[in-house]
Amino acid sequence: MTNYMELLMTNQPWNLIAFMVLPVAMAELITMAEFFILSDAQEHKSWKKLSHYLGMILGVYFTGVFLYLATAVVPQIEFRGWIDLLAVGFYMLGVIPLGAIALQEMGIISGAFDENRKMHRHIVLLVTFLIVSHVAMVFGMADPTLGGWQSAPQYDMMDSNMSVMHHTDDAAHGMKH
C-alpha cells in the first residue's frame, strides 16, 4: 500500500478524520455554498458568510496539516515508487489553493479585484483543490507495485521459529538431518 493510504489507516479513525474527512467535507460544503451564491447572492447571504469563514478556516487548518506532514511525516517516508510519490505530492499540493483561498478571504490577496473576479478566483482555487485531492486519493489507493516498485522480501518468523524448534527437538533426541 502507499504511504498515503498507510497514513490514513494508522491511528484509526483519527488520521482518516484529520487528513481526509475534515478537509474534503469542508471543501465540499464550500462548493455547495458557491452553487447557492451563484444562483442569487442577495438571497443567499448566509451561504456567502459560510463560504467566507469556512474558506479561512479550511485554509488555515490545511496549512497546519501541511506543516505537520512536511516536518514530522514526509521526512521519515521511504517512498514506494512513483505512484506513492504522486499520491503524497498531490495531497501536499492542496495547501496552495487552500492557502490562497484563506489569504483571499482574509483580504491579504485579490484586494483590487471586484466581487465577481474574487468569486471566480475562489471557485477556480476550490476546484483546483478538489482535483489535486482526488488525484492524491486515486493514486493513494493504487498498489505501488503497478508502478514498478518491489517490496523487500518478508522474513517469516513463524517458519524460522518452527525450523529452530524442530532442530532443537531433533538434537534433544539425538537425530540428525
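The values are calculated or read from the model by the stated rules, or taken from the named source; none is laboratory data. This is a predicted model, so every value here is computed, not measured. Positions of Cβ are backbone-derived with ideal geometry, glycine not excepted, and every protein chain shown enters the neighbour counts. Quick note on the areas: whole protein, heavy atoms, side chains included, nothing else; ligands and nucleic acids left out. Shrake-Rupley method; radii C 1.70, N 1.55, O 1.52, S 1.80 Å.
For the chain, carbon and sulfur atoms together expose 67% of the accessible surface, with a 1.4 angstrom probe and every protein chain in place. Here each label is just a point 7 Å from Cα along the line to Cβ, and for Met32 and Arg117 those points are 3.2 nm apart. Per the Cauchy relation, a quarter of the hull surface: what is the mean projected area of the convex hull of the alpha carbons in the stretch 1-147, in nm²? Reported value for the Cα convex hull: 9.1 nm².
Probing with 1.4 Å while keeping every protein chain in the model, the per residue accessible area of the chain equals 62 Å². Within the listed set Phe129, Phe113, Phe62, the residue fluctuating most in the Gaussian network model of the chain (springs between alpha-carbon atoms under 10 angstrom) is Phe113.
Between Leu85, Leu16, Leu58, the Gaussian network model of the chain with springs among Cα atoms under 10 angstrom shows the greatest mean-square fluctuation at Leu16. When the Gaussian network model of the chain links Cα atoms closer than 10 Å, the mean-square fluctuations of Ala142, Ala87, Ala70 top out at Ala70.
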